[in-house]
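Since every read-out is calculated from the coordinates, none of them should be taken as a lab result. Because the structure is a prediction, the values reported are computed rather than measured. No Cβ is skipped: glycine too gets one built from the backbone with ideal geometry, and neighbour counts run over all protein chains shown.
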Amino acid sequence: MPKALNGQAWTRYVWPMSGNPANRPCGPATGWVFSARPGRADAGGGGRIRGAGLAPAARRGLLAAAAGLALPLLLAGWLVPDPRGMGTHEQLGLPACGFYTRFGVRCPTCGMTTAWAHMVRGQVGSALRASAAGSLLAVVDAAGAAWLLVCAMWGRWWPAPPRPTTMAWIAGTAVAAALGDWAVRLVGHLVCSSGNL
């Protein structure tokens with residue numbers, strides 16, 4: 001049964017001493033675990049705790065991570081989207097894209113900063129024209145920042161902790177979008193070049 005300690009809800013757990021030793025804690029087999037919602041933290045199969053609340057240090061870490069994800073969005077809001085659809089990063093003192101300068105063709109990451117600058121202003125169409133992959137990354141970044149903030153404020157992972165497979169799927173989708181967008185632009189450039197011959 002849950003009890004209140006220091007104004008927080010705690011639930012008693014009992015770790016089964018049988019089964020895989022890796023699933024058992026190094027400390028006592030019984031104790032109290034923090035639960036942001038009373039009665040939701042309990043021992044599951046194999047001795048794992050379902051719904052256990054996050055420790056204060058973990059919550060502070062999530063807040064810091066959320067702030068880190070929000071920082072690029074704030075920076076994108078400060079930048080002015082370049083009307084060329086690329087080159088917005090040059091406002092930060094960074095050099096122009098060397099690939100474009102040398103070959104006259106945009107690289108896979110060209111237009112991403114411009115896309116972010118459009119997305120934070122709600123200009124989705126302009127963002128997609130600048131970079132479809134950059135637009136996708138901006139949405140993922142904003143969603144990630146909001147999710148981490150909610151988890152930190154609520155005190156638990158919602159709806160579940162992040163899985164490596166999910167993170168890999170998101171990264172793979174972003175890379176595939178960048179390469180696909182670049183391939184479409186490259187084909188369009190080659191078609192236009194051949195038509196001018």
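Residue-wise, which Karplus ³J(HN,Hα) couplings in Hz belong to the range 121-127, taking 6.51 cos²θ - 1.76 cosθ + 1.60, θ = phi - 60°, and x for glycine or proline?
9, x, 8, 5, x, 5, 5
May I ask you to evaluate 6.51 cos²θ - 1.76 cosθ + 1.60, the Karplus curve with θ = phi - 60°, for each residue of the range 53-69 and list the ³J(HN,Hα) values in order in whole Hz, giving x for glycine and proline?
Each residue's phi maps through the Karplus curve to give x, 7, 5, x, 5, 5, 5, 5, x, 5, 5, 5, 5, 4, 5, x, 6 Hz.
Amide H neighbours of R156 under 5 Å, at least 5 residues apart or on other chains, H built in the peptide plane: list them.
Those qualifying (amide H under 5 Å, at least 5 residues apart or on another chain) are L54.
Find how much the distance from F99 to W158 grows on full extension, using 0.36 nm per residue of separation minus their present alpha carbon separation; answer in nm with one decimal.
So the extension gain works out to 17.0 nm.
Just to verify a number: FRET efficiency for R129 and V150, C-beta to C-beta distance, R0 = 41 Å, to 0.05?
E(calc), rounded to 0.05, equals 0.80.
For an R0 of 22 angstrom, estimate the FRET efficiency from the Cβ-Cβ distance between V184 and E90 and round to the nearest 0.05.
So, using R0 = 22 Å, E works out to roughly 0.35.
Which order do peptides 164-173, 144-153, 181-190 fall in by mean Cβ count within 10 Å, highest first?
Per-residue Cβ counts within 10 Å, averaged per peptide and sorted highest first, yield 144-153, 181-190, 164-173.
Suppose every K and R has +1 on its Cβ and every D and E has -1 on its Cβ; what is the size of the dipole of the range 58-137 about the Cα centre, in Debye to the nearest 20?
In debye, rounded to 20, the range 58-137 gives about 160.
With labels modelled as points extended 7 Å from the Cα through the Cβ direction, what inter-label distance (nm, one decimal) is found for M167 paired with A57?
Result: 1.9 nm between the two label points.
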